[in-house]
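For reference, the structure is listed below as structure tokens.
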Amino acid sequence: MNRFELNFDGLIGPSHHFGGLSCDNQASRHHQAQISSPKQAALQGLEKGFTLYKMGVPQAILPPHHRPNLQMLRNLGFSGASDQDVLDAAYKQNSSLVSAAFSASSMWTANAATVSASKDTGDGKVHFTPANLLNHLHRSQEARFNQLLFNKIFSDPMYFKVHDPITSCYELRDEGAANHTRLGNYESCGLQIFCHNPLRTGRQARIASEAICRGHCLDFSKVVFLEQNPLAVQKGVFHNDVIATGHKNLYLHHENAYTEWSDESMGLIDSFQQKSNQSLIFHSIKEEEISLEDAIQSYFFNSQIVSTNTEEQVLIAPVECLRKARVKAYIDSILEDSTLPIHQVIYVDLTQSMKNGGGPACLRLRVVLNQDEFNAMHSGVLINEKLYNDLKKCIQRNYRDSLTVSDLRDPQFLAEVKTIHDEIDALLDLGNNFGWDL
């Protein structure tokens, strides 16, 4: 039964703003307190997904998480006779807590979960483990909603298993598929690459990745664990998808992405290729070709590589790559390199997301499915022309053109976002009052 990759794009929420909440993310820090455009952000993200859909890439939408998270503020000791009183009390004491409560960071669905294809798992089911995202307050609130969401979309236990997030403690920090890549064709068991930060630093712990592998019943002889280079982490590589990208038989990575590849890792890769009769391309890009600084500023490695309905591999790159001469030159060289399978590049404008530190691949979660699994999932989230047009109208009609952190305490805005979330949930057929009782 033919398998394919379904891309879930996160719809950017109406409270998208520049709160500077990720101190290890250069773009997030640099644009803190600037004026954002939620409307522009959501339209840019939606257009990216629809562009891929028109190319023949299967696409789906994940809704923005409900904001503000007033329960989080109440748990932090803020109280009042009304929701507005709670927001006002928190804003007066620490506006960054209100920013976190309104955060639209769930748009970066690469951090939503780690997903394993049924061809790779011991029980033949598609497995999902929502990331605990405990390294930052504004992201740690996403795990429960993501679990609820995956249980809704992938509810049939014959085909799917949705796990609890890994136990929330720093030693088990987990940030999802941004640190996981599956290589190989879809009809055979794939090679899994899990990347982690050096001991007691960064956002991803190896022990968390190992726990996910056990829970997903993966074959450890087909799993490679790579440690990120401390230098790269120090310069701003907070996730592996900022410094590497892969699809099917191709893995592009910077030469300074990792500490030295161990003999064990190389042996597992060689063994996989021999036993599966699959040839993988590990392509290292040198510092003189693209510097770490240019890679981080352009988000070249956060490009998506996708296969169209003609099986052509296409690079989906942020327009920021055009502004770095060496990055643009390198992309041109990829297209001319007969040893690499990429033969087309499409540049997408995701300026609003990029200013907060997330590019094309951040907005995307990959789920490999066969036709029966696809038929068993909740179809309301699948992109088609009607859903695209309905969501576009909702955004154009309801989202604000501009937003600042101080606007978050506007009583009118509190009412606005509740209405918008309900409308989006209805368009995706998620049910009345979906997720509001968390």
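The values are calculated or read from the model by the stated rules, or taken from the named source; none is laboratory data. Note that the structure is a prediction, hence the values are computed from the model and not measured. Cβ sites come from the backbone with ideal geometry, for glycine too, and all protein chains shown count toward neighbours.
Scanning segment 75-110 for residues that are among the hydroxyl-bearing types (Ser, Thr, Tyr) and either closer than 26 Å to residue 178 by Cα or not in a loop (DSSP other than H, G, I, E, B) (or both) turns up 91, 95, 96, 99, 103, 105, 106, 109.
Among the residues of segment 10-46, which ones are closer than 30 Å to residue 382 by Cα and either free of Cβ contacts under 8 Å to residues at least 40 places away in the same chain or of a type in the set (A, V, I, L, M) (or both)? Once the filter is applied, which keeps residues that are closer than 30 Å to residue 382 by Cα and either free of Cβ contacts under 8 Å to residues at least 40 places away in the same chain or of a type in the set (A, V, I, L, M) (or both), segment 10-46 yields 11, 12, 41, 42, 43, 46.
Of the helices (runs of 4 or more DSSP H) entirely within segment 215-299, those holding at least 2 residues that are touching a strand residue (DSSP E or B) at 6+ places or on another chain (Cβ under 9 Å) occupy 263-276, 292-298.
Do the conditions hold for residue 311, that is, is it at positive phi and either outside any helix (DSSP H, G or I) or in contact with a Phe, Trp or Tyr (Cβ under 9 Å, 6 or more places away or on another chain) (or both)? Taking the combined requirement at face value, the residue satisfies it. Considering only residues in segment 115-135 that are among the hydrophobic types (A, V, I, L, M, F, W, C) and in a loop (DSSP other than H, G, I, E, B), the one that is surrounded by the most Cβ atoms within 10 Å (Cβ to Cβ) turns out to be 131.
Among the residues making up segment 296-313, those that are farther than 22 Å from residue 24 by Cα and surrounded by fewer than 23 Cβ atoms within 10 Å (Cβ to Cβ) are 305, 307, 308, 309, 310, 311, 312, 313. Going through (1) on the phi > 0 side of the Ramachandran plot; (2) of a type outside the set (Asp, Glu); (3) at pLDDT 95 or above one by one, residue 357 falls short only on (3). Within segment 73-86, not a single residue is buried (at least 20 other Cβ atoms within 10 Å of the Cβ), in contact (Cβ under 8 Å) with a residue 60 or more places away in the chain and among the hydrophobic types (A, V, I, L, M, F, W, C). When restricted to residues that are more than 18 Å from residue 369 (Cα to Cα), of a type in the set (A, V, I, L, M, F, W, C) and part of a loop (DSSP other than H, G, I, E, B), segment 173-214 contains 2. Pick from segment 136-194 the residues that are of a type in the set (A, V, I, L, M) and in contact with an Asp or Glu (Cβ under 7 Å, 6 or more places away or on another chain): which of them is surrounded by the fewest Cβ atoms within 10 Å (Cβ to Cβ)? The selected residue is 166.
Tell me which residues, restricted to segment 5-30, are surrounded by 19 or more Cβ atoms within 10 Å (Cβ to Cβ) and either charged (D, E, K, R) or within 10 Å of residue 356 (Cα to Cα) (or both). Selection gives 9, 16, 17, 18, 19, 20, 21, 22, 25, 27, 28. For residue 2, the test of being of a type outside the set (Asp, Glu), modelled with pLDDT under 95 and within 30 Å of residue 184 (Cβ to Cβ) is passed. Considering 31, 65, 16, the condition of being over 27 Å from residue 424 (Cα atoms) and in contact with a helix residue (DSSP H, G or I) (Cβ under 7 Å, 6 or more places away or on another chain) is satisfied by 31 alone. Contact map, segment 410-425: residues that are free of Cβ contacts under 8 Å to residues at least 60 places away in the same chain paired with residues that are in a helix (DSSP H, G or I) and not charged (D, E, K, R), Cβ distance under 6 Å, separation 6+ or inter-chain. Pairs shown: 423/394.
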